[in-house]
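The block underneath contains the structure these notes are about, expressed in structure tokens.
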Protein chains: 2
Amino acid sequence: MARPDTARPIGVFDSGLGGLTVLRALHQRLPGEDIIYFGDTARVPYGTKGAGTVQAFAWQDARFLVNLGVKMVVVACNTASAFALDDLTDRLDLPVLGVIEPGVAAALDVSRSGPVGVIGTRGTITSGRYQEGLARRFEPAQILARPCPLFVPLAEEGLIDHRLTTLACAEYLTELRDAGVDTLILGCTHYPLLKPAIADFMGPDVRLVDSAETLAAAAADRLEAAGLLQKQDNAGRLDFYLSDIPWTFTEVGARFLGRAIDEVHTVNLDELEGAGRLDLSRKGDET
Amino acid sequence: MARPDTARPIGVFDSGLGGLTVLRALHQRLPGEDIIYFGDTARVPYGTKGAGTVQAFAWQDARFLVNLGVKMVVVACNTASAFALDDLTDRLDLPVLGVIEPGVAAALDVSRSGPVGVIGTRGTITSGRYQEGLARRFEPAQILARPCPLFVPLAEEGLIDHRLTTLACAEYLTELRDAGVDTLILGCTHYPLLKPAIADFMGPDVRLVDSAETLAAAAADRLEAAGLLQKQDNAGRLDFYLSDIPWTFTEVGARFLGRAIDEVHTVNLDELEGAGRLDLSRKGDET
């Protein structure tokens, strides 16, 4: 018997493990939903790579999830959201959510008078997507955007409370702090791990926005609007797929997710692609 | 008419742009040789990723070069040398050189009495390959190995003479300095860029070994022994292939190579693989 659409899982993908912060927020907001997480750890990071490469990767990642029968695709990676969200939305026949729009909405909501700062990977900042969103209310001079390339390796190395992170904050954030931003968007799913150091540097008056919670609320709204919400008595199951098990996986995965990850499936997207197993014509075969 | 084997290019691959330091040494030592460089910038870095993933990537990278008709494959990436050199040597019907053995040989040559230090990616250090090589002369207690995961992003960000790099040196190298190593192997092709900061921290009595020059000498020996040396009056041509053009390519590429890179071909290995164009049966078709 076909599985009803409401019972299908939500699919979440990210370039690596940073998106586990988004998975965590989604699971807290929607504990009844089954969620499949795919982290492209074999090709992480996306944030330093060109737009076309990120688009091609995201298209493969999304098709992997679609072939597992998901009812919605969440792009947990900011860089992939910046470069591939429109493309995925056009090409896929199911709801696709990125993290940038919820982050913008949250910033517009909490900022009192601006200016607003946004930090992210080189790719995300170069794309200008956050800046475009913020331009709905702010003048260009009120929007300060800054790539912070070392924040991803610092978070992945677990240097949360470390003098290297303190120094990197001074390096990247001094200009934003001196400009008096009242709100700072953490425009990369790795950055919430560094929140204590960032908050400490920016001071108590600056509100830090990460899109995970806003995205979870948006996902709930979209599912409800589409009649796709899971029955509330379900105990949501989380499944983890990665394209590589990095050396730091156990430690870093637990740090991002907030608990240990018991079981992980490893997948080779290129082999699946070569075998035709990412073709969209297969979509939903397994129902 | 078939191209004589001596006229074929040397193939060099790396996870990204770090291997350009090796290309540079090869070109200086063998200015008559044509050299093809492939940097897997779409999937860089390799150093954080698991052994099986690195092996699969290296096998694809090497076949790409073999299909361009190279007479020798140089694995310029330490992590790929650590995990894939034996495999490539077994499977390919042409000379394959890695950077670890030349690095070990150079360290054994310059160290007076030890202890000897080796730094590299998490993958390279975990593999134990440098430690095995050094064990030919040194006791385990005389060999100090340490992964320095932030050195790759610091080099790629161009933070050569920067307080973050100074602090990272203190973080990673204090133990090695305090143990009195007389020689330190820079076991990652990115690290030579950070040589000034590393040398400054370690002090004037510690010899820094990078394998680029030793490898170039070894490559010359291997080509000569195999009767594969190019005629000396040839003006060696360098060709560059990358799987992605990263945002920082122009600046970082020039820094690693020591001069600007005029022309780059971008290639998608997965598409080539899917089209059967990495098959070894095609090897030499173009001669």
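The values are calculated or read from the model by the stated rules, or taken from the named source; none is laboratory data. Since the model is a prediction, treat every value here as computed from it, not as a measurement. Neighbour counts run over all protein chains shown; Cβ positions are idealised from the backbone, glycine included. Heavy atoms of the whole protein, side chains included, go into the accessibility calculation; ligands, DNA and RNA do not. Shrake-Rupley method; radii C 1.70, N 1.55, O 1.52, S 1.80 Å.
Every residue in the range A:150-178 that is in contact (Cβ under 8 Å) with a residue 40 or more places away in the chain and either under 18 Å from residue A:108 (Cβ atoms) or open to solvent by less than 30 Å² (accessible area, probe 1.4 Å) (or both), please.
Those that are in contact (Cβ under 8 Å) with a residue 40 or more places away in the chain and either under 18 Å from residue A:108 (Cβ atoms) or open to solvent by less than 30 Å² (accessible area, probe 1.4 Å) (or both): A:151, A:152, A:154, A:155, A:158, A:172, A:173, A:176.
Can you tell me which of (1) within 14 Å of chain A (Cβ to nearest Cβ); (2) not in a loop (DSSP other than H, G, I, E, B) is the one residue B:222 doesn't meet?
Going through (1) within 14 Å of chain A (Cβ to nearest Cβ); (2) not in a loop (DSSP other than H, G, I, E, B) one by one, residue B:222 breaks only (1).
All but one of (1) in a helix (DSSP H, G or I); (2) surrounded by fewer than 19 Cβ atoms within 10 Å (Cβ to Cβ) hold for residue A:234; which doesn't?
Answer for residue A:234: the failing condition is (1).
So how many residues does the range B:48-68 have that are more than 9 Å from every other protein chain (Cβ to nearest Cβ) and without any contact (Cβ under 8 Å) to a residue 60 or more places away in the chain?
5
Strands (runs of 3 or more DSSP E) wholly in the range A:50-138 with at least 3 residues that are under 18 Å from residue A:25 (Cβ atoms) - which ones?
Details: elements: A:72-75, A:96-98, A:116-120.
Passing ranges, in order: A:72-75, A:96-98.
Please pick out the residue among A:155, A:219 that is within 16 Å of the chain's Cα centre (by Cα) and in the same structural domain as residue A:74 (by TED's automatic domain parsing).
Exactly one residue qualifies, and that residue is A:219.
Within the range A:1-25, which residues are open to solvent by 10 Å² or more (accessible area, probe 1.4 Å) and either without any contact (Cβ under 8 Å) to a residue 40 or more places away in the chain or of a type in the set (D, E, K, R) (or both)?
Once the filter is applied, which keeps residues that are open to solvent by 10 Å² or more (accessible area, probe 1.4 Å) and either without any contact (Cβ under 8 Å) to a residue 40 or more places away in the chain or of a type in the set (D, E, K, R) (or both), the range A:1-25 yields A:1, A:3, A:4, A:5, A:8, A:24.
In the range B:186-197, is there at least one residue being within 14 Å of chain A (Cβ to nearest Cβ), under 30 Å from residue A:55 (Cα atoms) and either open to solvent by 20 Å² or more (accessible area, probe 1.4 Å) or among the aliphatic types (A, V, I, L, M) (or both)?
No, because not a single residue in the range B:186-197 is within 14 Å of chain A (Cβ to nearest Cβ), under 30 Å from residue A:55 (Cα atoms) and either open to solvent by 20 Å² or more (accessible area, probe 1.4 Å) or among the aliphatic types (A, V, I, L, M) (or both).
As an exercise: evaluate residue A:120 against (1) farther than 17 Å from residue B:164 by Cβ; (2) more than 13 Å from chain B (Cβ to nearest Cβ); (3) under 16 Å from the mean Cα position of the chain (by Cα) and give the number of the one condition it does not meet.
(2)
Can you tell me how many residues in the range A:21-46 are more than 13 Å from residue A:75 (Cβ to Cβ) and either away from every other protein chain (no Cβ under 14 Å) or assigned to a helix (DSSP H, G or I) (or both)?
Residues of the range A:21-46 more than 13 Å from residue A:75 (Cβ to Cβ): A:21, A:24-25, A:27-36, A:41-45.
Among the residues that remain, those that are also either away from every other protein chain (no Cβ under 14 Å) or assigned to a helix (DSSP H, G or I) (or both) are: A:21, A:24-25, A:27-36.
Total satisfying the criteria: 13.
I need the full set of residues from the range B:26-54 which are open to solvent by 10 Å² or more (accessible area, probe 1.4 Å) and over 30 Å from residue A:249 (Cβ atoms), in order please.
B:27, B:28, B:29, B:30, B:31, B:34, B:36
Any residue in the range B:251-269 that is open to solvent by less than 30 Å² (accessible area, probe 1.4 Å) sitting within a Cβ distance under 7 Å of a residue that is of a type in the set (Val, Ile, Thr) and part of a helix (DSSP H, G or I)? List the pairs, counting only those 6 or more apart or interchain.
Going by the 7 Å Cβ cut-off, the qualifying pairs are B:256/B:21.
Specify the residue that is least open to solvent (accessible area, probe 1.4 Å); the eligible residues are those in the range B:270-285 that are assigned to a helix (DSSP H, G or I) and over 14 Å from residue B:68 (Cβ atoms).
B:270
Name the residues in the range A:200-231 that are open to solvent by less than 40 Å² (accessible area, probe 1.4 Å) and among the β-branched types (Val, Ile, Thr), would you?
A:206, A:209
Name every residue in the range A:139-152 that is assigned to a loop (DSSP other than H, G, I, E, B) and of a type outside the set (Asp, Glu), in order of residue number. It would help to see each step written out before you state the result.
Filtering the range A:139-152 for residues assigned to a loop (DSSP other than H, G, I, E, B) gives A:139, A:148-150.
Within the range A:139-152, A:148, A:149, A:150 qualify.
Please count how many residues of the range A:164-196 are assigned to a helix (DSSP H, G or I) and closer than 16 Å to residue A:18 by Cβ. So that I can check it myself, show each step before the final result.
Step one: list which residues in the range A:164-196 are assigned to a helix (DSSP H, G or I), which gives A:164-178, A:191-196.
Subset that is closer than 16 Å to residue A:18 by Cβ: A:165, A:191-195.
Residues that pass the stated criteria total 6.
Just checking, how many residues over the range B:123-149 are of a type outside the set (A, V, I, L, M), open to solvent by 10 Å² or more (accessible area, probe 1.4 Å), under 21 Å from residue B:102 (Cβ atoms) and within 14 Å of chain A (Cβ to nearest Cβ)?
The number of residues fulfilling the criteria is 5.
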